[in-house]
Amino acid sequence: MKFYITTPIYYVNDIPHIGHAYTTVAADVMARYKRLCGYQVFFLTGTDEHGQKVQQAAEKRGVTPQKHADELHIAFKNLWKKLNISNDDFIRTTEERHKKVVQKALQILFDKKDIYKESYEGWYCLSDERFWMEKDLKEGNCPDCGRKVEYIKEWNYFFRMSNYRDWLIQHIKENPRFIMPESRRNEVLGFLGRPLGDLCISRPKERLSWGIPLPFDENYVTYVWFDALVNYISAIGFEYDKDKFKNWWPSNHHLLGKDILTTHSVYWSTMLKALDLPLPENIFAHGWWTVNGEKMSKSRGNFVNPHELIDKYGVDALRYFLMREVPFGLDGDFSQRALIGRINSDLANDLGNLLSRTLNIIKKFKEGKIPPEIDGKNRSMEQNIQEYFKYDPTLKGFESYAANSFNSFMCKLEFHYALSYIWKIIGDMNEYVQKAAPWAEKDDGILSNTLYTLSEGLRIIAVYIYPFMPETGQEIWNQLGIKERIENCNFKESIKWGGLKDGIEIKIGRQLFPRVEEKMEIGDEVTATVTESAVAAEERQLISIDEFAKVDLRVGEIKQAEKIEKSKKLLKLKVDIGTEERQVVAGIAEHYTPEELIGKKIVLVANLKPAKLMGTESHGMVLAAGGDGRLVLIGFDGEVKLGSKVK
Ligand code: MSP
């Protein structure tokens, strides 16, 4: 079983932004998933280094295009490393292995007369690097990018693309999965419904020197798109490594943005047909990211740099956000506020808390070891689950129910559904832990079952989320005490219930996702600081402000005080807290005489459950601080009203 997936190769005219990261992360998710499922995977990405855009960018920097590309392609490699992209190859179009294949493909088409020379005139868009007919122009400008066009007349070489139009229409109609999503497929069919011209595949050297020379005419270089598209076959050995090529071609998915769908579905498909090669199984065009509703560009100053986001929020948070926020195929709007929202709710609250709670309870009640599944009273896992999951016993059915739905979402590249499906189970588990309340469970068998259920559920969830968040998936396993690496496991096997061995020692580690505090500033700008999360607080047994607020602290005045018979330490006090007088027993007899207490203002814990001490009822507690054998009552620095709340 083989699986070949590609991203577009990125122009090296600028540094990468989240739009580039988007396709590459999506391809990585698929590649990791398929590897887990036992496929032999080839995941290709790379850089598009020829053509006018790159030549101009190099000129601007005052360096040669080759030097420019040598420097700039590193920016992409670095980002992919930081994003944990698991590509198997990285192709650069300036590499010899690629140039040779482009020339070979050109020669094949030239020899079979699919390439011909003709005089041509028309409106040329420098940015898009293509000719337009006058009727297509929008107010005299390029209909695609809106920039100025130039009128150019010259001899050029053409690929007989028009010859393949009818065949391509039929292929698209017969193969519904060939172009996805469906709306894009219809768009391409609409485009092909109009007359299709031939494709100009050359540029005269005097106008553009930075390209691969045509093998049959040295006065020309290859049109950048003909050059670039060939990367998908040059990287896997077309015409120089027959076995490798046979193993991988045709590809399973070409992932790309909607703006380059025509070049892939029409130019590339017809080129392949002319070369007698089968077509890819699927071309998937995803949508575009805008930023706070606007197109992203450096000139607008809204260029979103993935490095900054990763440094601030972590790589898996960004990967999760990109895959979860917007259905793959639709446009999406990026804002830090939305990213922070996802981190705090889905990642810190739902997933992070679940792991931390589970592990801390195991630490506290089970000496830090995964307990066994069956309790002393033979209460089964199913009974446990059924009790709490009357409506949705998905947890136990992971291996069948969840896996099938998940797999079908993944095969359709419906990443957001796959994730929301898993988060539904995470939600169920949070509900389960709440209802089962293991911290208060007295029956040791039931406690064991509950804790096993939670940790086994988490082990399986880690496998599901691994393709999206490889570090997080592995971290969950590490903290559960599992030594294996997820990437070395088989998906189907590892999601089977019962894989977690009891008795292994858990290893509570870093919090998975620190909560991010959001502070709104001018306009829509968001500054955010990563703070200690609720998860860490729980680990250190910290309490939240809400929990603190549960303690009712009041200002009181001691009205009466007397010794309690037979007690060395205790005094019986009458404390006025404004609305009532309370009888309180305080252990301060060795530090204060009853007389000196009268009239003192103190802090009283007013909502403490009543207790009897040496036979005397106490309705509250007086606060005091101890040290060096001396106990000192807590008082006030100024005037305070009796009964006021101490905060
Ligand atoms: N070099 C060509 C592709 C050749 S593939 C044989 C190219 N390069 S690009 O760098 O301009 O764009 C690469 C990819 O990034 C495209 O799929 C494009 O859709 C995607 N994106 C660029 N900006 C984007 C967004 N703002 N949002 C999402 N994707 C975007 O085209």
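Just a few scattered comments:
- Residue under evaluation residue 130, criteria (1) among the charged types (D, E, K, R); (2) at pLDDT below 95; (3) under 30 Å from residue 308 (Cβ atoms); (4) surrounded by 16 or more Cβ atoms within 10 Å (Cβ to Cβ), criterion not met: (3)
- The lone exception for residue 206 - which of (1) modelled with pLDDT under 95; (2) away from the ligand (no atom under 16 Å from the Cβ); (3) within 29 Å of residue 75 (Cα to Cα) it fails: (3)
- Condition met for residue 614 (in contact with a Ser or Thr (Cβ under 6 Å, 6 or more places away or on another chain) and not charged (D, E, K, R)): yes
- Residue count for the range 263-297 satisfying the condition of being within 12 Å of the ligand (Cβ to nearest atom), surrounded by fewer than 17 Cβ atoms within 10 Å (Cβ to Cβ) and more than 30 Å from residue 472 (Cα to Cα): 3.
- Of residues in the range 174-203 being crowded, with 19+ Cβ neighbours inside 10 Å and within 16 Å of the ligand (Cβ to nearest atom), the one farthest from residue 255 (Cα to Cα): 203
- Some residue of the range 313-320 being of a type outside the set (A, V, I, L, M, F, W, C), in contact with a helix residue (DSSP H, G or I) (Cβ under 9 Å, 6 or more places away or on another chain) and either free of Cβ contacts under 8 Å to residues at least 12 places away in the same chain or closer than 17 Å to residue 292 by Cα (or both): no
- In this entry, residue 173 is excluded by the filter for residues that are part of a strand (DSSP E or B) and at negative phi.
- Subset tally (residues that are in a loop (DSSP other than H, G, I, E, B) and more than 13 Å from the ligand (Cβ to nearest atom)) for the range 243-258: 3
- Only listed residue being touching a residue at least 12 places away in the same chain (Cβ under 8 Å) and on the phi > 0 side of the Ramachandran plot, chosen from 587, 556, 578: 578
- Once the range 67-121 is narrowed to residues that are in contact with a Pro (Cβ under 7 Å, 6 or more places away or on another chain) and of a type in the set (S, T, N, Q), the residue that is farthest from residue 225 (Cα to Cα) is 84.
- Scanning the range 151-177 for residues that are under 19 Å from residue 201 (Cβ atoms) and charged (D, E, K, R) yields 153, 154, 160, 165.
- Residue, modelled with the highest pLDDT, within the range 441-486, restricted to residues that are small (Gly, Ala, Ser) and over 15 Å from the mean Cα position of the chain (by Cα): 481
- Of the strands (runs of 3 or more DSSP E) that lie entirely inside the range 497-593, those containing 2 or more residues that are at pLDDT below 90 and acidic (Asp, Glu) span 516-520.
- Taking every residue in the range 260-288 that is at pLDDT 95 or above and pairing it with any residue that is within 15 Å of the ligand (Cβ to nearest atom) and polar (S, T, N, Q), at least 6 positions away or on another chain, the pairs with Cβ-Cβ distances below 8 Å are 279/269; 280/251; 281/251; 283/265; 286/23.
The values are calculated or read from the model by the stated rules, or taken from the named source; none is laboratory data. Because the structure is predicted, anything quoted here is derived from the model rather than measured. Methodologically, a virtual Cβ is constructed for each residue, glycine included, from the backbone with ideal geometry; neighbour enumeration extends over all protein chains shown.
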